[in-house]
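The values are calculated or read from the model by the stated rules, or taken from the named source; none is laboratory data. Bear in mind that the values here come from a model prediction, so they are computed numbers and not experimental data. Cβ sites come from the backbone with ideal geometry, for glycine too, and all protein chains shown count toward neighbours.
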């Protein structure tokens, strides 16, 4: 993806998002004006309005750049598989802790994350999977008195 | 007044406080020494732990962490030529060539002394300047506060980012996220989408951990996965002249140290510029004022001294706008606001009237942290050097687990973990699309103050559209903001 294309996409997303904020989300999810003070929608509307104006300016700038020169420098790739490999176990961690307990879920989580990171040596994999989980458990349960998930 | 100062400093010297400051410094040096981990990231990860400390110990711990990380960043920069923090990049230009000559220990000691000198200078300026400035700031009413926040956010978005448009969009998004929760006038939920957990608003901890730490680790892992090349840590020469910095050598850098400390203090006190700007500017000035500019980049001690003293001066001087105006100058200061709020305090000029003893205790902690940094750096230099060779495959999974548990720890809520993951995803895309997530966090932190001052202005003026014209200071600030925005728009039209 080139820089110009990336900017065009991001400004368009921001423009659409801020437009929907102004038209639907802010009016739909804010309390009504109680008749005194300042409406609850004022600051969110200012912020969303500002985002919309800036995104339109950004689109204008991108179009100008596009007309002047085609293409542009390449940008950093988005690694979707990599992203899913790290975020998915994190999303599942808390429900898994409630289901099977902190230590088993934590150990499985650490093993999965290490495998996703590329760790293939069994010795460090085992130590890193068990030790931090047990230390965090001991610290949270006995030192800080935190109610565990 | 004198009693307050004595009581504050006595509180700073309390054993528990000293322990946490020392812990903060050690943890900060270790965190800074590991490439990819920086001070704000370490602060974000440790804020949940500060819940369990007294306010003075908590702020002392976090400030110590930040100071330690600034010096720690130079360790990996000098030894691996991979700066642990962006502000240490200039340190590597002369530090790494020295390390290649076997003088790595000398380079590190120069960095340590320069850090301590720069930090001591900036702390002194903070102590002397903050109280009088806060007294002036007390005369500011809601219009001035509103205008000042507008200007600060515009400057941060303009100077701290590659594109002002994207910086301002990020700051606006931060403000919008800051409005989620109970609306102050009607006491009804706003933008909560019917989710009960959102009614108390979004806490800084999931945002800080998700955007600063978790997303950073995901991006770092993207870079290291597949890179099987081992990094080589350089060895030290045993000769004393290659290991230690003599008094003559230190005094030889005195002018550079002073100039760079002044530059770092000024840059740190201005919102948005940050430590990297300070260190590059100071290095540039050191080259320009040197009799042997051609020797810079080959291992000159002055190069290290300039960069390190300037970036360390930023740590203390960034607290000047925080203490006097309640506005964070950089990311670390923004996170400190979160820590202040957690402990029931709002940074700003009123702190000097309401919590003067606390302020002096923080001053004491800053001085103590600097002394600890010198001691810890001297004694543990070789141990910290070992930290740079911890394999990321061991370290990063532990940080990921710490991120998840840290965000749970803030309110014992699984919902905060979900928020942390959501914000890390947002930060990932913001980084890829070059939007400043720092602007978003600062916008989020300033949103409640901004909204309160805006409401006060509108209510007090009975919705007078010309209310700002009656406040000359606010007018000047708004005009300055307008000029900064217009300049950006003009540059857009220019193409």
Practice problem: Assess whether residue B:394 counts as being more than 7 Å from chain A (Cβ to nearest Cβ), in a helix (DSSP H, G or I) and more than 24 Å from the chain's Cα centre (by Cα). | Solution: no
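Condition check ((1) crowded, with 19+ Cβ neighbours inside 10 Å; (2) at pLDDT below 85; (3) touching a strand residue (DSSP E or B) at 6+ places or on another chain (Cβ under 6 Å)) across all residues:
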site	(1), (2), (3)
B:423	yes, no, no
B:431	no, no, no
B:444	yes, no, no
B:462	no, yes, no
B:467	no, yes, no
B:474	yes, no, no
B:477	yes, no, no
Practice problem: Kindly indicate whether any position in region B:117-132 is away from chain A (no Cβ under 11 Å), farther than 30 Å from residue B:373 by Cα, touching a residue at least 40 places away in the same chain (Cβ under 8 Å) and buried (at least 23 other Cβ atoms within 10 Å of the Cβ). | Solution: no
Quiz item: Taking the stated definitions as given, is residue B:383 in a helix (DSSP H, G or I), surrounded by fewer than 21 Cβ atoms within 10 Å (Cβ to Cβ) and more than 23 Å from the chain's Cα centre (by Cα)?
Solution: yes
Quiz item: Can you find a residue in region A:40-55 that is more than 7 Å from chain B (Cβ to nearest Cβ), loosely packed, with under 14 Cβ neighbours inside 10 Å and in a helix (DSSP H, G or I)?
Solution: no
Quiz item: Which condition number in (1) at pLDDT 90 or above; (2) more than 30 Å from residue A:116 (Cα to Cα) is the one that residue B:160 fails?
Solution: (1)
Quiz item: When you look at residue B:348, is it touching a residue at least 60 places away in the same chain (Cβ under 8 Å) and out of contact with any helix residue (DSSP H, G or I) (no Cβ under 6 Å at 6 or more places or on another chain), yes or no?
Solution: yes
Exercise. Take the residues in region A:72-97 that are closer than 25 Å to residue B:167 by Cα and touching a helix residue (DSSP H, G or I) at 6+ places or on another chain (Cβ under 7 Å), then tell me which one is surrounded by the fewest Cβ atoms within 10 Å (Cβ to Cβ).
Key: A:73
Quiz item: Among B:197, B:215, which is touching a helix residue (DSSP H, G or I) at 6+ places or on another chain (Cβ under 9 Å), at pLDDT 85 or above and buried (at least 16 other Cβ atoms within 10 Å of the Cβ)?
Solution: B:215
Practice problem: Give just the number: which of (1) within 25 Å of residue B:218 (Cβ to Cβ); (2) at pLDDT below 90; (3) loosely packed, with under 15 Cβ neighbours inside 10 Å does residue A:127 not satisfy? | Solution: (2)
Quiz item: If you scan region B:172-198, which residues turn out to be within 12 Å of another protein chain (Cβ to nearest Cβ), closer than 28 Å to residue A:89 by Cα and more than 29 Å from the chain's Cα centre (by Cα)?
Solution: B:192, B:193, B:194, B:195
Quiz item: Do we find that residue A:2 is more than 10 Å from every other protein chain (Cβ to nearest Cβ) and surrounded by 14 or more Cβ atoms within 10 Å (Cβ to Cβ) in this structure?
Solution: yes
Self-check item: Any chance residue B:411 is under 21 Å from residue A:44 (Cβ atoms), surrounded by fewer than 17 Cβ atoms within 10 Å (Cβ to Cβ) and within 14 Å of chain A (Cβ to nearest Cβ)
Solution: no
Practice problem: Tell me, yes or no, whether region B:141-152 has at least one residue that is in a loop (DSSP other than H, G, I, E, B), more than 11 Å from chain A (Cβ to nearest Cβ) and at pLDDT below 90. | Solution: yes
Quiz item: What residue, among those in region A:11-39 that are surrounded by 15 or more Cβ atoms within 10 Å (Cβ to Cβ), within 7 Å of another protein chain (Cβ to nearest Cβ) and not in a helix (DSSP H, G or I), is modelled with the lowest pLDDT?
Solution: A:37
Quiz item: Can residue A:62 be described as in contact (Cβ under 8 Å) with a residue 60 or more places away in the chain, more than 7 Å from every other protein chain (Cβ to nearest Cβ), part of a helix (DSSP H, G or I) and surrounded by 15 or more Cβ atoms within 10 Å (Cβ to Cβ)?
Solution: no
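Results for (1) without any contact (Cβ under 8 Å) to a residue 24 or more places away in the chain; (2) at positive phi, shown as yes or no for each residue.
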| residue | (1), (2) |
| --- | --- |
| B:386 | yes, no |
| B:401 | yes, no |
| B:412 | yes, yes |
| B:415 | no, no |
| B:419 | no, no |
| B:428 | no, no |
Self-check item: Conditions (1) part of a helix (DSSP H, G or I); (2) touching a helix residue (DSSP H, G or I) at 6+ places or on another chain (Cβ under 7 Å); (3) within 9 Å of chain A (Cβ to nearest Cβ); (4) within 26 Å of residue B:327 (Cα to Cα): number failed by residue B:449
Solution: (3)
Practice problem: Could you tell me which numbered condition residue A:8 fails, if it satisfies all but one of (1) at the interface with chain B (Cβ under 10 Å from one of its Cβ atoms); (2) in contact (Cβ under 8 Å) with a residue 40 or more places away in the chain? | Solution: (1)
Self-check item: The lone exception for residue B:418 - which of (1) more than 9 Å from chain A (Cβ to nearest Cβ); (2) assigned to a helix (DSSP H, G or I) it fails
Solution: (1)
